Amino acid sequence: MLIFRGDHKLLTFAVRSHMEFFFYLPTRIYFASHALEAHGDELKAMGSKALIVTGRSSAEKNGSLADVISSLDKLGIPYEHFNEVEANPSVETVYKGVELAKLKGADFIIGIGGGSPLDAAKAMALVAANDLTYEELFSGNYAKSPLPYVAVPTTAGTGSEATPYAILTDNRIGNKRNLAYPSMFPDMAFLDPRYTAYLPYETTVNTALDALSHSLEGYLSSRVSRIVEPIALESISILGKALKKLRTSDEISEKVRHKLLYGSLLGGMVISHTGTTCVHAMGYPLTYHKGIDHGRANALLMPAYLDFLEKYNHRVADVLDSLGMKKIAEFDELISDLLGTKESIGVEEIDLFVSIAKSAGNISNTDPAPTEKDIKAIYMSALL
Ligand code: NAP
Ligand code: FE
């Protein structure tokens, strides 16, 4: 029997058998070089005044901001620009953006950048429409749909352009937290690989590893379904090949950039249906307490997580096969080469991370879900 709960099907759907699924992906996606030039007139349907949300400076340098502004200018749509989104955006930043949106009367939001501005903008669209207080923010109880929201990714990693999630830093609980709601899928997304052309090598690697983590965790998740599997395996295969190229050279061709952005989009589609699993749950405290970049934090944990899972989950072999590998040790070597020197972390710190990660909601998506002891063992094996 399928379980649906009102408007929350996507978040509460319980997979009872491999052949049963609920698939929902309402975002209108344009993936092309010069996508905004060709299809920017679609923005007409979004509203009459835009709030453009970016990080500090990259959107100005990579051409994405200019393309969005040019599309808006052609349509005669006025805009305000909020450029204060930091990495791992805080709830406070979301409220700052909402204040500007309200003050200036913006009726739709355009997020440009990596996952941080995309997620902050996505949350702003929800908060602005519902006048949510901090206390109400993660309640999952929202009367109105978010303001129309358009995503323009400039990193190839989070897939936020195709998910109903916004990952925010909640300083009140001292961790990163997932704000998730089915109507938070972007209405539209413009993916132009040209914007990623000058993404630094390290950010390229970290974001690609985040994307791989999405598809890999999704494929191995207890929520995977038949329709998501080929998307996940295609993504793993594409990202695996690109990562092998990155391992040997920091010169990144246009073709590889294109593939990374495509693989990352597919990863977003995967986790929008499966959620993430214990890798993400365990990575968040590493980012919050040690400042380790999100994709890197996941990558540090992935080989040990596969080692843990292999005993119980025969599907690990499919993942290795898609990566063109036979053993987890080969994957471990690839990750080690890409990450370089690892952070030094103490045993006492691991106890803190375990205490935080064990109660994260996405732990239960892991198949099988690790116990507290397992979580500690994965951290120890990955970090010590
Ligand atoms: P990010 O934090 O958005 O950006 C990292 C850095 O890259 C920033 O310094 C940014 O500069 C720069 N940058 C962005 N695009 C660039 C470009 N084209 N060229 C040069 N530099 C560029 O990194 P991210 O890894 O994409 O996003 C991570 C966040 O997404 C985390 O908070 C993570 O938890 C979240 N996430 C969300 C989902 C989801 O489903 N919503 C999934 C996974 C992860 P500026 O600040 O100047 O822009
Ligand atoms: Fe992620």
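The values are calculated or read from the model by the stated rules, or taken from the named source; none is laboratory data. All figures in this text were calculated on a predicted structure; none of them were measured in a lab. Note that we place each Cβ from the backbone using ideal geometry, even for glycine, and neighbour counts take in every protein chain shown. Ligands, DNA and RNA are excluded from the accessible area calculation, which covers all protein heavy atoms including side chains. Shrake-Rupley method; radii C 1.70, N 1.55, O 1.52, S 1.80 Å.
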**Report entry** Inter-residue pairs, beta-carbon under 6 Å, first more than 13 Å from ligand 1 (Cβ to nearest atom) and in the stretch 64-81, second open to solvent by 50 Å² or more (accessible area, probe 1.4 Å), 6+ apart
**Finding:** Leu72/Tyr79; Leu75/Lys44; Glu80/Lys104
Report summary line: With criteria (1) part of a loop (DSSP other than H, G, I, E, B); (2) under 30 Å from Glu254 (Cβ atoms), Leu147 comes up short on (2)
Report task. Tell me, please, whether a residue that is in contact with a strand residue (DSSP E or B) (Cβ under 6 Å, 6 or more places away or on another chain), of a type in the set (A, V, I, L, M, F, W, C) and either modelled with pLDDT of 95 or more or open to solvent by less than 20 Å² (accessible area, probe 1.4 Å) (or both) can be found in the stretch 174-184. Result -> yes
Report summary line: A careful count of residues in the stretch 307-341 that are free of Cβ contacts under 8 Å to residues at least 40 places away in the same chain and part of a helix (DSSP H, G or I) gives 11
Requested in this report: Take the residues in the stretch 282-295 that are part of a helix (DSSP H, G or I) and away from ligand 2 (no atom under 11 Å from the Cβ), then tell me which one is surrounded by the most Cβ atoms within 10 Å (Cβ to Cβ).
Outcome: Met282
Query raised in the report: Scanning for something over 13 Å from Gly159 (Cα atoms) and open to solvent by 10 Å² or more (accessible area, probe 1.4 Å), does the stretch 260-267 turn up at least one residue?
Result: no
Query raised in the report: Residues in the stretch 174-194: is at least one on the phi < 0 side of the Ramachandran plot, assigned to a loop (DSSP other than H, G, I, E, B) and of a type in the set (A, V, I, L, M)?
Result: no
Requested in this report: State whether the residues of the stretch 244-252 include one that is away from ligand 2 (no atom under 16 Å from the Cβ), assigned to a strand (DSSP E or B) and in contact (Cβ under 8 Å) with a residue 24 or more places away in the chain.
Outcome: no
Report summary line: Exactly one of Gly267, Gly283, Gly275 is within 13 Å of ligand 1 (Cβ to nearest atom) and within 17 Å of Ala382 (Cβ to Cβ), and that one is Gly283
Query raised in the report: Among strands (runs of 3 or more DSSP E) lying entirely in the stretch 32-136, which contain 1 or more residues that are surrounded by fewer than 22 Cβ atoms within 10 Å (Cβ to Cβ) and away from ligand 2 (no atom under 16 Å from the Cβ)?
Result: 79-82
Requested in this report: Answer yes or no as to whether Ile236 is crowded, with 24+ Cβ neighbours inside 10 Å and modelled with pLDDT of 95 or more.
Outcome: yes
Report task. Among the candidates Ser344, Ser364, Ser381, Ser336, single out the residue that is exposed (fewer than 13 other Cβ atoms within 10 Å of the Cβ) and either in contact with a Lys or Arg (Cβ under 8 Å, 6 or more places away or on another chain) or among the small types (Gly, Ala, Ser) (or both). Result -> Ser344
Report summary line: The residue that is nearest to Lys290 (Cα to Cα), considering only those in the stretch 367-378 that are assigned to a loop (DSSP other than H, G, I, E, B) and open to solvent by less than 70 Å² (accessible area, probe 1.4 Å), is Pro370
